1. Which residues, counting only those in the range 57-67, are surrounded by 14 or more Cβ atoms within 10 Å (Cβ to Cβ) and touching a residue at least 24 places away in the same chain (Cβ under 8 Å)?
2. If only one of Leu152, Leu164, Leu183 is within 18 Å of Ser216 (Cα to Cα), within 16 Å of ligand 1 (Cβ to nearest atom) and open to solvent by 20 Å² or more (accessible area, probe 1.4 Å), which one is it?
3. If you go through the range 264-298, how many residues are open to solvent by 80 Å² or more (accessible area, probe 1.4 Å) and part of a helix (DSSP H, G or I)?
4. For the range 299-323, enumerate the residues that are closer than 15 Å to Leu177 by Cα and exposed (fewer than 11 other Cβ atoms within 10 Å of the Cβ).
5. Filter the range 219-233 down to residues that are within 11 Å of ligand 2 (Cβ to nearest atom) and assigned to a loop (DSSP other than H, G, I, E, B) and give me whichever is most open to solvent (accessible area, probe 1.4 Å).
6. So which residues in the range 138-172 are aromatic (Phe, Trp, Tyr) and over 12 Å from the mean Cα position of the chain (by Cα), if there are any at all?
7. Output the number of the condition that Thr242 fails; it satisfies all remaining conditions of (1) within 17 Å of the chain's Cα centre (by Cα); (2) polar (S, T, N, Q); (3) away from ligand 2 (no atom under 13 Å from the Cβ).
8. Go through (1) closer than 27 Å to Leu314 by Cβ; (2) open to solvent by less than 10 Å² (accessible area, probe 1.4 Å); (3) in contact (Cβ under 8 Å) with a residue 60 or more places away in the chain for Gly178 and report which single condition fails.
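The values are calculated or read from the model by the stated rules, or taken from the named source; none is laboratory data. Values in this document were obtained by computation on a predicted structure and should not be read as measured data. Counting neighbours? That spans all protein chains shown, and the Cβs are built from the backbone with ideal geometry, glycine included. For the accessible areas, the whole protein counts, side chains as well, though only heavy atoms, and no ligand, DNA or RNA atoms are used. Shrake-Rupley method; radii C 1.70, N 1.55, O 1.52, S 1.80 Å.
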Amino acid sequence: MAKRKLTKHQSRRIKQNQKQSAHRAKAEPIDYDDDALGPEQEARIIAHYGKQVDIETDAGQHVRCFLRANLDSVVTGDYVVWREFDDLGVVVSVAPRSSYLCRPDSYGKLKPVAANIDQIIITVAPEPEVHTNLIDRYIVAAESHNISAKILINKSDLMEGNRLAKFAAIRLLYQELGYTVILASAKIDKGLDELQQNLKDKTSIFVGQSGVGKSSIIQRLLPNESIEVGALSSASAKGRHTTTHSQLFHFPDGGECIDSPGIREFGLWHLSANDVIAGFKEIYVLAQSCKFRDCSHAMEPGCHVQKALKKKELSAQRFESFKRILSSLDDVDCSPRDTKK
Ligand SMILES: Nc1nc2c(ncn2[C@@H]2O[C@H](COP(=O)(O)OP(=O)(O)OP(=O)(O)O)[C@@H](O)[C@H]2O)c(=O)[nH]1
Ligand SMILES: [Mg+2]
Ligand SMILES: [Zn+2]
């Protein structure tokens, strides 16, 4: 199992959370006899509510299901086998995942966020304030799971003054690194066609801080769905999230998207230093030419990362972000289970 060396802050937070969870009532497992269940059928998980999930059958029917007790954690996007039980169902097994995105939860356990996804849409906005380190964290997570990443800058209607220059710089930085960056506004319907083109025929997950407008954007793309959108003040000030569970929606012309709850931090404790450097493509390339194989890219002679930094060929912001992520790692060894990729 996991070998953990957590910082004091992480240990304290995990202990607090464990104490709180011990007081919460455990969900009662439902009582059923295997003979009472219908035949095995295939479906996909479209929403996850802790002990229960909603599945979608091939015929497009939605069924609320319990999970068989011995089942490993399941997540939105999973392909599963289920059996009918009265008006409900029981999920009995999960198919191997082609990809999945995971993160350590606030209890320190590694949790999948979504499965069988092709790309993550990292959503940012001028309100709440953008943190480029969070963008980089998502990119590292995506690259380490072979999922592509695109950046969506929402609320372009709120760009004026300093914000214009700030977001132009963010856009340029990530475009030059090869990432697609889309400028949009759910409020004034801007950039939605371009976004739709980028989502076609793929399974995408919208991720980002609470209040950036993930649900608002999806609601605009799918006007027939009824998706809850929250007031920014309550979402950001009180740390409340409007979207509380990940949900999968279909596009009529092909492709799916998953709306996910906003988060403030994306822990990468479960990744290695090598995973992190591989997630910073430009630093990875420079590091190949460093004189020493174990170069820390801090002050060694012959360090191409430092050289590029001095010549301003490497963004100081990205390098800072890289160092910050590296220093936040501990030696947790909890490799994700095998995937098909
Ligand atoms: N001005 C402006 N406001 C927007 C835009 N898109 C969303 N909002 C507002 O931003 C607030 C938050 O929107 P949500 O769609 O709930 O944000 P979210 O990212 O889904 O938040 P969580 O579900 O908490 O993660 C709401 O008040 C929206 O009306 C936009 O393009 N421009
Ligand atoms: Mg939402
Ligand atoms: Zn170096």
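1. First, the residues of the range 57-67 that are surrounded by 14 or more Cβ atoms within 10 Å (Cβ to Cβ): 57, 63, 65-67.
Hits for the range 57-67 are Val63, Cys65, Phe66, Leu67.
2. Values: Leu152 fails: open to solvent by 20 Å² or more (accessible area, probe 1.4 Å); Leu164 fails: within 18 Å of Ser216 (Cα to Cα).
Among Leu152, Leu164, Leu183, only Leu183 is within 18 Å of Ser216 (Cα to Cα), within 16 Å of ligand 1 (Cβ to nearest atom) and open to solvent by 20 Å² or more (accessible area, probe 1.4 Å).
3. Taking the range 264-298 and keeping what is open to solvent by 80 Å² or more (accessible area, probe 1.4 Å), we get 264-265, 274, 284-285, 288, 291-294.
Next cut, part of a helix (DSSP H, G or I) only: 274, 284-285.
So the count comes out to 3.
4. Of everything in the range 299-323, those that are closer than 15 Å to Leu177 by Cα and exposed (fewer than 11 other Cβ atoms within 10 Å of the Cβ) turn out to be Lys312, Ala316.
5. In this case the residue turns out to be Glu228.
6. Let us first name the residues in the range 138-172 that are aromatic (Phe, Trp, Tyr), namely 138, 167.
Passing the criteria: only Phe167.
7. Thr242 satisfies all of (1) within 17 Å of the chain's Cα centre (by Cα); (2) polar (S, T, N, Q); (3) away from ligand 2 (no atom under 13 Å from the Cβ) except (3).
8. Result: Gly178 fails condition (2) only.
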